[in-house]
1. Working only within region 67-81, note down all residues that are free of Cβ contacts under 8 Å to residues at least 60 places away in the same chain, assigned to a strand (DSSP E or B) and not β-branched (Val, Ile, Thr).
2. Out of the residues in region 95-153 that are charged (D, E, K, R) and out of contact with any Lys or Arg (no Cβ under 9 Å at 6 or more places or on another chain), state the one that is nearest to Ile38 (Cα to Cα).
3. Any residue in region 130-154 that is of a type outside the set (Phe, Trp, Tyr) sitting within a Cβ distance under 7 Å of a residue that is assigned to a helix (DSSP H, G or I)? List the pairs, counting only those 6 or more apart or interchain.
4. I need a count of the residues in region 108-154 that are open to solvent by 40 Å² or more (accessible area, probe 1.4 Å), part of a helix (DSSP H, G or I) and charged (D, E, K, R).
5. Return the residues of region 82-100 that are surrounded by fewer than 19 Cβ atoms within 10 Å (Cβ to Cβ), in a loop (DSSP other than H, G, I, E, B) and touching a residue at least 12 places away in the same chain (Cβ under 8 Å); say none if nothing qualifies.
6. Within region 45-67, is even one residue charged (D, E, K, R), open to solvent by less than 30 Å² (accessible area, probe 1.4 Å) and either at pLDDT 90 or above or farther than 17 Å from Phe136 by Cα (or both)?
7. For residues that are touching a residue at least 24 places away in the same chain (Cβ under 8 Å) and in contact with a strand residue (DSSP E or B) (Cβ under 6 Å, 6 or more places away or on another chain), scanning just region 7-16, find the one that is surrounded by the most Cβ atoms within 10 Å (Cβ to Cβ).
8. Kindly provide the set of residues from region 80-102 that are under 24 Å from Gly145 (Cα atoms) and among the small types (Gly, Ala, Ser), ordered by number.
Amino acid sequence: MGKGSFEEILDRDGRLVYTNVGDSMMPLIRQGRDLLVIEKPEEWRTLSQNSRTIKLKRYDIPLYKRDGGRVYVLHRVLAVRHGEYVLCGDNRWSCEYGITDRHVIGILTAVIRNGREIPLSGWKYGLYVFLWCRLFPLRALILRGLYLIRHGHR
């Protein structure tokens with residue numbers, strides 16, 4: 001794969017494979033070890049960034065850039081409302097608001113671990129999503145509690 005920004009690679013090839021930096025999507029994605037497959041659907045390629053409607057669904061995992069940001073973020077959609085997405089990393093307890101279609105540059109379609117593709121479908125992934133994502137309030141409470149134990153009350 002040639003060099004360029006993620007947007008340039010996705011525009012040119014429709015697909016980007018890279019190793020992530022950060023732990024916000026653990027346990028699904030392990031920092032620096034897993035390969036991520038991000039795709040730009042064919043129907044997006046002919047539309048400008050500001051004119052397309054993506055229609056992400058709950059639990060999709062978009063790659064996006066925040067306003068004015070230089071950092072790429074990969075978080076899960078927890079809700080779709082009023083033309084924006086509510087996103088949160090699987091290893092985070094606070095949600096992000098205000099991300100819209102114009103911020104999204106691609107969607108995670110696969111995770112490759114130890115040379116094997118982890119499908120983002122099927123009953124195992126469905127169970128993970130149910131336990132880890134649908135029970136978000138419980139997960140958020142547990143993660144916040146663990147943070148406070150490790151780092152003390154701040």
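1. Leu74, Arg76, Leu78, Ala79, Arg81
2. Glu117
3. From residues that are of a type outside the set (Phe, Trp, Tyr), the pairs are Arg139/Trp132.
4. Qualifying residue count for the region: 4.
5. Once the filter is applied, which keeps residues that are surrounded by fewer than 19 Cβ atoms within 10 Å (Cβ to Cβ), in a loop (DSSP other than H, G, I, E, B) and touching a residue at least 12 places away in the same chain (Cβ under 8 Å), region 82-100 yields Gly83, Asn91, Trp93, Ser94, Cys95, Thr100.
6. For region 45-67, residues charged (D, E, K, R), open to solvent by less than 30 Å² (accessible area, probe 1.4 Å) and either at pLDDT 90 or above or farther than 17 Å from Phe136 by Cα (or both): present.
7. Ranking the qualifying residues of region 7-16, first place goes to Leu16.
8. Gly89, Ser94
The values are calculated or read from the model by the stated rules, or taken from the named source; none is laboratory data. What you see is a predicted model; the values in this text were computed from it and never measured. Positions of Cβ are generated from backbone atoms using ideal geometry, with glycine treated the same way; all protein chains shown enter the neighbour counts. All accessible areas refer to the heavy atoms of the entire protein, side chains included, with ligands and DNA or RNA removed. Shrake-Rupley method; radii C 1.70, N 1.55, O 1.52, S 1.80 Å.
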